[in-house]
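**Q** Pasting a structure below so you can have a look.
The values are calculated or read from the model by the stated rules, or taken from the named source; none is laboratory data. Remember, predicted model here, so these are calculated numbers, not experimental data. Every residue, glycine among them, receives a Cβ derived from its backbone with ideal geometry; neighbour counts consider all protein chains shown.
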Amino acid sequence: MTTPRPRTSVLGAAVLILAVLAVFYAILGYGFQNRDDNINVYQNPYFNPAVSWQGIAHFWVAPYYLLYMPVTDTLWAACAALARLDHTINVYGAGTTDLDAGIFHAVSLLLHATNTLLVFALLRRWTRDDLAATAGALLFAVHPVQVEAKSRSPSRMSSAVISCWAIGRDAAARTIPADCPARDHG
């Protein structure tokens, strides 16, 4: 086991960001999909015709379409507020929308890059080896299971869950006394 060094950790983080961009950059040009993007995003009555504080508040007190995911729905509301176009566009097989799907996909890409760096930080803490941490985070970053979560809006919920877990896990590890063997490994 080696001691992590600042230079290798910056290099590892750069490799990870470049890998995420290389693999997922194309999603920025994707449109909405007619699977459940319609229900959750571009035909969501709390986003259309405009986002409101009452609509956002609804997500925190009640489920939308049988799903209670207030953090994700609030994030989508922010995206919808930023993604409003001055014209409508066709959604293959599902009508039209005046929302730019690229904004939603850009946020998804940003969340995934952030999660990859959070995983890298946790693996560095656990292994104290930058190469091992980079390899593990790279596997997380480009694993095929990530593709759906990055290309479909409703699957973005997993990105929010991973962020919350990683931040919470790191915070929990910091509360364990420094001389406890479990501090960095479990």
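**Q** What do you reckon, is residue 65 farther than 19 Å from residue 106 by Cα and surrounded by fewer than 17 Cβ atoms within 10 Å (Cβ to Cβ)?
**A** So residue 65 passes the test.
**Q** Which condition number in (1) within 19 Å of the chain's Cα centre (by Cα); (2) more than 30 Å from residue 118 (Cα to Cα) is the one that residue 91 fails?
**A** Looking at each condition in turn, residue 91 falls short on (1).
**Q** Identify all residues within the stretch 103-133 that are surrounded by 19 or more Cβ atoms within 10 Å (Cβ to Cβ) and either without any contact (Cβ under 8 Å) to a residue 40 or more places away in the chain or outside any helix (DSSP H, G or I) (or both); write none if there are none.
**A** Within the stretch 103-133, just 123 meets the criteria.
**Q** So, in the stretch 37-62, of the ones that are over 14 Å from residue 97 (Cβ atoms) and touching a Pro at 6+ places or on another chain (Cβ under 7 Å), which residue ends up surrounded by the fewest Cβ atoms within 10 Å (Cβ to Cβ)?
**A** 60
**Q** When the stretch 74-97 is examined, which residues are found to be free of Cβ contacts under 8 Å to residues at least 24 places away in the same chain and charged (D, E, K, R)?
**A** Result: 86, single match.
**Q** Could you list all residues from the stretch 66-98 that are on the phi < 0 side of the Ramachandran plot, part of a strand (DSSP E or B) and not basic (Lys, Arg)?
**A** Residues satisfying the conditions are 67, 85, 86, 87, 88, 89, 90, 91, 96, 97, 98.
**Q** Would you mind stating whether residue 100 is free of Cβ contacts under 8 Å to residues at least 40 places away in the same chain, buried (at least 17 other Cβ atoms within 10 Å of the Cβ) and among the acidic types (Asp, Glu)?
**A** Considered against the rule, which asks whether it is free of Cβ contacts under 8 Å to residues at least 40 places away in the same chain, buried (at least 17 other Cβ atoms within 10 Å of the Cβ) and among the acidic types (Asp, Glu), residue 100 comes out as yes.
**Q** Looking at the stretch 8-25, which of the residues that are touching a residue at least 40 places away in the same chain (Cβ under 8 Å) and of a type in the set (Val, Ile, Thr) is surrounded by the most Cβ atoms within 10 Å (Cβ to Cβ)?
**A** Within the stretch 8-25, the match that is surrounded by the most Cβ atoms within 10 Å (Cβ to Cβ) is 20.
**Q** Something else about it: In the set 51, 41, 20, which member is closer than 30 Å to residue 123 by Cα, among the β-branched types (Val, Ile, Thr) and either part of a helix (DSSP H, G or I) or within 22 Å of the chain's Cα centre (by Cα) (or both)?
**A** 20
**Q** What's the number of the condition residue 28 fails, among (1) surrounded by 16 or more Cβ atoms within 10 Å (Cβ to Cβ); (2) under 20 Å from the mean Cα position of the chain (by Cα); (3) closer than 30 Å to residue 117 by Cα?
**A** (1)
**Q** Looking at (1) small (Gly, Ala, Ser); (2) more than 19 Å from the chain's Cα centre (by Cα); (3) at pLDDT 90 or above, find the lone condition where residue 9 falls short.
**A** (3)
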